[in-house]
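A short worksheet on the structure shown next.
What follows is calculated from the coordinates using simple rules that are stated; it is not laboratory data. These numbers come from a predicted model, not from an experiment. Please note: Cβ atoms are built from the backbone with ideal geometry, for glycine as well, and neighbour counts cover all protein chains shown.
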Amino acid sequence: MKPFRVLGLAAAVVALGALPASAVDRLEIDPAHTNIAFMIDHLGYSMTLGRFAAFDIALAFDQNQVANSSLNVTVKTDSLSTFHAKRDEHLRSPDFFNTAEFPEMTFVSTAIEQTGEKTGRVTGDLTLLGVTRPVTLDVTFNKAAPHPFNKKMTVGFSARGMLKRSDFGMAYGLPAVGDEVQLIIEAEAVKPE
Amino acid sequence: MLAGLLSPDNPAFQSAVLPFLLAAAAAGLIRLAGGGGRGALLAGAAVGLALLAAYVAVLGTPPLPPRSSGQKLFYVAAAGLVLGIVLDLGRVRGRGLALVLLAFVAAASVWVGWPAWNRLAAAPDTWMPAVTLLLLLLAAWSLARAAANGIAAAVMLLVAAAGLAIVALTANSASLSQIAGALAAAVGGFLVWNWPTARFPVAGALLFGAMGAFAALATQASLFTRADPWTLAPLALVFLAAAPAARLGIGGAAVRAALSPLVLGFCAALPAALAVALGFWLNGGVYTG
């Protein structure tokens, strides 16, 4: 989930490559319009949706050489919410995110590439529960334009990815609770004036 | 219904049926293979073996080195099992066995709870790691003293593990609950050979494998789950039940011997029931997924 957010940021970096404006060194994420979410299968009946509310993102962007850009994301695992208090407690327990022992999840980009006019791919190392594995996000650049209200240059992007929780040692409840986790990132970032 | 209960994916099978049957079978096989002397002495190793098998059924084989407290639990139980067997073969008993058990439980609790101890050094805002350790040492000392008293130590371990399983469930830690349940079931599998007539001594192989696992589970529950500390503390009193139970003897010598494990189980169940009641009250009840 944290990697997703990181990937989304990376996607923003890729998207910035398509911006008509001058090169951007650093983007500030708009927390009011940024979501790092996930979906996971529940017993085959439905997909359960969750999100993380607290995260820090450091994005360095090279407009001329997108591959030189970088993205570092830190997610506070205790901030997860699936909109159900008791389930959230269970997800924070040692069965899943083990937030008391592993309060943070990190993503560090290792490769950012542009794959189309408005698409890109961000690969990085996701560290969750003390295990580091590569994760890739497919990013779509949605829009880059001055915000209609505050007039600041704002970019928006969407990112999607997939990981297997068992790869990170999160094996409790398999196979009843799904192994594959869908990553959903919707983000907006502002170019500082 | 029976087929569902015997399904490898069924939590009840993983943490009750499997460890109970494995412990009962392994205890008998060890006794058969080792004879009335060494075999009976080491029969308690069946508890640790069954617990390790149940752990793998619930969570899979943990990596080495382990990364989390739950993964460390597996290796604590395995190390305790081996250490207990070595001490049994070396005929270590009495106070010597008790002192080694105290040292092992202390090491296990500190190792499992190391992230909390580490944070304590930077921000000493909680006594929980130290309180947990002290209660576990009290429990281990009482358990070692009871080991010479027939199967009393095994009865107290069963009740304490069962209580911890339910408290962990109220704190939304299902895997911890399952492993604690597996420990209780494994001890139960050992006890079917020992009631109403005690056949195998509660020696190092059982004490170190089972108490090491209990210490690791209690430390994990205390330091890394949402369990309210007041829901866990009464479980330490379970290990003090032998003294009041001894005063409740009923009938003649033969009847008293047969009933003493049941009387002890009743006395031990009182603080365990208090812990469970507090668990439902303070931890918010059970989430079934």
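Figures for the structure shown
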read-out: Contacts under 6 angstrom Cβ, first residue in region B:218-243 being within 12 Å of another protein chain (Cβ to nearest Cβ), partner assigned to a loop (DSSP other than H, G, I, E, B) and among the hydrophobic types (A, V, I, L, M, F, W, C), 6 or more apart; value: B:Ala221/B:Ala227; B:Phe224/A:Ala100; B:Thr225/B:Ala171; B:Arg226/B:Ala171; B:Ala227/B:Ala171
read-out: Residue check, A:Val135 within 14 Å of chain B (Cβ to nearest Cβ), among the β-branched types (Val, Ile, Thr), surrounded by 15 or more Cβ atoms within 10 Å (Cβ to Cβ) and in contact (Cβ under 8 Å) with a residue 60 or more places away in the chain; value: no
read-out: Candidate set from region A:154-180 (those that are hydroxyl-bearing (Ser, Thr, Tyr) and in a strand (DSSP E or B)); member that is nearest to A:Ile29 (Cα to Cα); value: A:Thr154
read-out: When residues of region B:22-50 are limited to those that are in a helix (DSSP H, G or I) and within 15 Å of the chain's Cα centre (by Cα), the one farthest from A:Ala176 (Cα to Cα); value: B:Ala45
read-out: Qualifying positions in region B:1-21 - part of a helix (DSSP H, G or I) and without any contact (Cβ under 8 Å) to a residue 60 or more places away in the chain; value: B:Leu2, B:Ala3, B:Gly4, B:Leu5, B:Ala12, B:Phe13
read-out: Region B:172-199: number of residues that are part of a loop (DSSP other than H, G, I, E, B) and either of a type outside the set (Ser, Thr, Tyr) or touching a Ser or Thr at 6+ places or on another chain (Cβ under 9 Å) (or both); value: 9
read-out: Among the candidates B:Val255, B:Val202, residue that is of a type in the set (Val, Ile, Thr) and assigned to a helix (DSSP H, G or I); value: B:Val255
read-out: Test: residue in region B:127-135 that is aliphatic (A, V, I, L, M), more than 30 Å from B:Arg91 (Cα to Cα), surrounded by fewer than 24 Cβ atoms within 10 Å (Cβ to Cβ) and in contact (Cβ under 8 Å) with a residue 60 or more places away in the chain; value: yes
read-out: Yes/no for B:Ala53 being aliphatic (A, V, I, L, M), part of a helix (DSSP H, G or I), within 27 Å of A:Phe168 (Cα to Cα) and more than 14 Å from chain A (Cβ to nearest Cβ); value: yes
read-out: Hits in region A:84-116 (condition: away from chain B (no Cβ under 14 Å) and over 17 Å from A:Val139 (Cβ atoms)); value: A:Thr106
read-out: Entirely in region A:53-153, the strands (runs of 3 or more DSSP E) that have 2 or more residues that are of a type in the set (Val, Ile, Thr); value: A:70-76, A:104-114, A:119-128, A:131-146
read-out: Scan of region A:170-187 for residues that are away from chain B (no Cβ under 13 Å) and either in contact with a Ser or Thr (Cβ under 6 Å, 6 or more places away or on another chain) or free of Cβ contacts under 8 Å to residues at least 12 places away in the same chain (or both), ordered by number; value: A:Glu186, A:Ala187
read-out: Top-ranked residue in region B:244-284 [being touching a Lys or Arg at 6+ places or on another chain (Cβ under 9 Å) and surrounded by 14 or more Cβ atoms within 10 Å (Cβ to Cβ); ranked as farthest from the other protein chains (Cβ to nearest Cβ)]; value: B:Gly249
read-out: Residue match in region A:143-152 (condition: within 30 Å of B:Ser173 (Cα to Cα) and without any contact (Cβ under 8 Å) to a residue 12 or more places away in the chain); value: no
read-out: Checklist (1) within 14 Å of another protein chain (Cβ to nearest Cβ); (2) surrounded by fewer than 18 Cβ atoms within 10 Å (Cβ to Cβ) applied to B:Gln71, failing item; value: (2)
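Results for (1) surrounded by fewer than 16 Cβ atoms within 10 Å (Cβ to Cβ); (2) within 23 Å of A:Ala100 (Cα to Cα); (3) under 19 Å from the mean Cα position of the chain (by Cα), shown as yes or no for each residue.
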| position | (1), (2), (3) |
| --- | --- |
| B:Val192 | yes, no, yes |
| B:Phe200 | no, no, yes |
| B:Phe208 | no, no, yes |
| B:Ala215 | no, yes, yes |
| B:Leu235 | no, yes, yes |
